1. For the structure I just gave you, tell me whether residue 616 is hydrophobic (A, V, I, L, M, F, W, C) and modelled with pLDDT of 75 or more.
2. Suppose the filter is in a loop (DSSP other than H, G, I, E, B), acidic (Asp, Glu), at pLDDT below 75 and within 19 Å of residue 388 (Cβ to Cβ); does residue 326 pass it?
3. Mind listing whichever residues of segment 498-550 are hydrophobic (A, V, I, L, M, F, W, C) and part of a strand (DSSP E or B)?
4. For residue 306, are the conditions met, namely being buried (at least 17 other Cβ atoms within 10 Å of the Cβ) and at pLDDT below 75?
5. Does residue 563 fit the bill of being surrounded by 13 or more Cβ atoms within 10 Å (Cβ to Cβ) and at pLDDT below 85?
6. Could you tell me whether any residue of segment 567-576 is modelled with pLDDT of 85 or more, among the aromatic types (Phe, Trp, Tyr) and out of contact with any Phe, Trp or Tyr (no Cβ under 7 Å at 6 or more places or on another chain)?
7. In segment 202-253, what count of residues is obtained for those that are closer than 22 Å to residue 267 by Cβ and either part of a loop (DSSP other than H, G, I, E, B) or more than 40 Å from the chain's Cα centre (by Cα) (or both)?
8. Please enumerate the residues belonging to segment 467-497 that are part of a helix (DSSP H, G or I), surrounded by fewer than 16 Cβ atoms within 10 Å (Cβ to Cβ) and among the hydroxyl-bearing types (Ser, Thr, Tyr).
Amino acid sequence: MSVPAPYATIDAKLKLSMTFGLAAGVTASVVLSCAAAAYAYSRHHFQSLLDSARSSALAQGELIRVALEHQMIENDRTLIARMIESFRAQARLEQIAVLDRNGVERFSSGAHSGPNAFHLDSPTCQACHRYPPAERGNSRVIETAGGSILRTVIPIRNRDACYRCHDPAHKINGILILDYNAGEMHAAITHDLRWMVAGAGALALLLVGGVGLVIRVSVLRRLQRFETTARLISAGDLDRRVPADGSDTISWLAREFNTMADSMSALVAAVRNERERLEMVINSIDDGIVVLDPQRNIIAANDAFLRRAGASRAAIPGCNCRQLGEAACAVADCPALACLANGDRQVRLCERPTLEGGVAWEEVHASPILDSAGHLTHIVEVWRDISDRRAAEARLAESHRLAYLGVLASGFSHELNTPLATVLMCLEGILRDSAGNAPVHDTAAIARDQILRCRGVTQHFLRLSRGMPAEGAVDVAAALASVRRLIDPTAREHSVSVDLAMTNPGHIRGDETEFHNALINLMLNGIQACKPGGRVSVEAGTAGDSLRIRVVDDGCGIAPEHVQRIFEPFYSKRPGGAGLGLFLTLNFVRRCGGEIRVESVPGHGATFEILIPALVPEAV
């Protein structure tokens with residue numbers, strides 16, 4: 001695997017920077033060392049030259065003193081002056097002077113001569129006289145306005161040959177002063193020092209170049225392998241290792257690095273396997289699981305949650321749960337917010353719209369995850385679909401209600417049959433006696449039909465309570481006509497018109513009394529929902545293999561929050577209503593293998609549609 005271009009550029013820059021740094025450090029060390037050595041050598045060399053110049057000056061001074069003493073004995077002052085000038089020119093002296101024992105200048109030749117040149121208070125004289133006599137010495141370097149000079153002082157002692165002119169009590173007769181130019185020595189030292197510095201600089205450059213080459217080949221190139229390997233491992237190439245040939249420190253470091261990389265690769269592989277196993281376990285759970293941070297951003301989610309939210313795994317991480325819309329959450333009191341507020345586990349029920357357009361009931365559990373300090377760091381939400389459980393609970397409640405209704409219907413039917421039989425017998429007598437009176441005869445006939453219907457209802461309840469449903473072929477057209485006659489008085493009372501349209505509805509299998517009751521319940525509900533002048537339309541026909549009956553009214557309609565509950569027993573929004581009509585109608589339709597649908601817009605009426613499997617003509 002090759003190093004990516006950006007990494008290669010960075011490597012080159014790092015290599016150049018490291019080489020430059022090492023070279024600069026070595027150069028500075030060499031230059032400082034050479035400079036210190038050159039300075040020490042120059043000081044030592046200057047001191048050696050100065051000592052040599054002092055020795056030479058003393059020797060020359062003694063020769064000059066001897067020659068001058070010989071001329072002094074001759075007392076030839078003109079010759080002494082010429083000799084002093086001659087000695088100054090031959091010995092390359094800056095100045096030569098002869099002082100008497102009182103310090104008065106007797107003979108002088110040079111640039112520093114003058115009436116006060118050798119006065120005791122002058123700076124040149126104080127350079128020596130400010131020290132005690134024991135510390136003065138014969139030679140000393142003195143700084144003057146014209147530069148540095150090496151002054152050598154040689155006493156002219158009083159001897160026997162001098163007693164003719166000098167008092168024998170005096171030890172010295174005068175002083176011979178020789179001034180040499182010390183600037184030449186400084187110039188020579190400076191010239192030598194420059195050559196030494198130049199040579200040291202050239203040597204330092206050669207040394208730095210050699211050290212830089214050695215470092216680049218032996219150290220930097222091998223260290224670059226560590227950097228390249230580390231980058232490749234961090235990029236995912238866990239099998240990459242550093243070459244570890246050799247027995248030096250870098251080879252040992254390479255072997256240790258490879259050992260660390262092996263351990264890290266094993267740990268990464270173990271973590272990856274555990275993560276995959278954990279993801280497999282979590283994704284196999286039917287409950288939706290999602291992990292949120294304190295800002296409710298999604299950190300992780302399993303497949304069940306992704307299916308509920310209708311989102312892809314690539315788009316989920318970092319997405320806020322509010323951005324998923326109602327497909328993921330429709331909880332008014334968000335459990336995650338409540339968990340963030342008080343840090344306790346929260347449970348909520350959620351009616352969530354499904355992606356297929358239906359409704360699912362889910363139980364949401366929000367649990368906090370705390371760190372070692374007790375601070376909430378994440379929230380885990382578990383979404384459990386309880387639609388089947390709620391349906392089972394509803395069926396169980398319906399079974400309990402039906403059992404109660406069965407007991408109630410059995411007692412009610414048994415008690416009601418006796419007075420119905422008595423009333424029916426009286427109506428039969430009225431019908432026989434009113435054969436010639438048409439109005440009375442018709443009224444008694446209607447009353448007899450209703451009594452028979454009531455007895456049929458009670459008999460039906462008795463059969464249901466005993467588990468003996470009566471089924472047969474029901475003529476839908478005849479049943480609709482009979483029901484039409486029964487509800488006409490109620491429709492006229494409410495000033496509502498009822499329209500009946502049939503297109504060869506055929507027959508269905510079921511209990512005729514129950515079918516009548518179902519139609520009456522639907523049509524009466526439509527009449528009661530209409531205002532005076534309203535209309536109820538009943539359409540009957542076939543739709544494929546099914547019978548379709550539509551009851552449409554233009555009444556007040558049904559609110560959306562009540563549509564799902566109107567088929568529950570004892571649920572009624574009409575004052576005085578028992579809430580059993582639609583419940584019994586739904587049970588009859590379901591027993592026949594059909595279904596019932598409701599469409600309603602508040603203020604624009606409602607439509608009830610029944611679909612029941614129709615009987616083929618051969619089965620009638």
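The values are calculated or read from the model by the stated rules, or taken from the named source; none is laboratory data. Everything numeric here is computed off the predicted structure, so don't read it as measured data. Neighbour counts are summed over all protein chains in view; Cβ atoms, including those assigned to glycine, are modelled from backbone coordinates with ideal geometry.
1. no
2. No; evaluated as a whole, the condition is false for this residue.
3. Those that are hydrophobic (A, V, I, L, M, F, W, C) and part of a strand (DSSP E or B): 498, 500, 501, 502, 508, 536, 538, 540, 543, 547, 549.
4. no
5. When the stated conditions are applied, residue 563 passes them.
6. no
7. Counting residues in segment 202-253 that are closer than 22 Å to residue 267 by Cβ and either part of a loop (DSSP other than H, G, I, E, B) or more than 40 Å from the chain's Cα centre (by Cα) (or both) gives 9.
8. The answer is 490, and nothing else.
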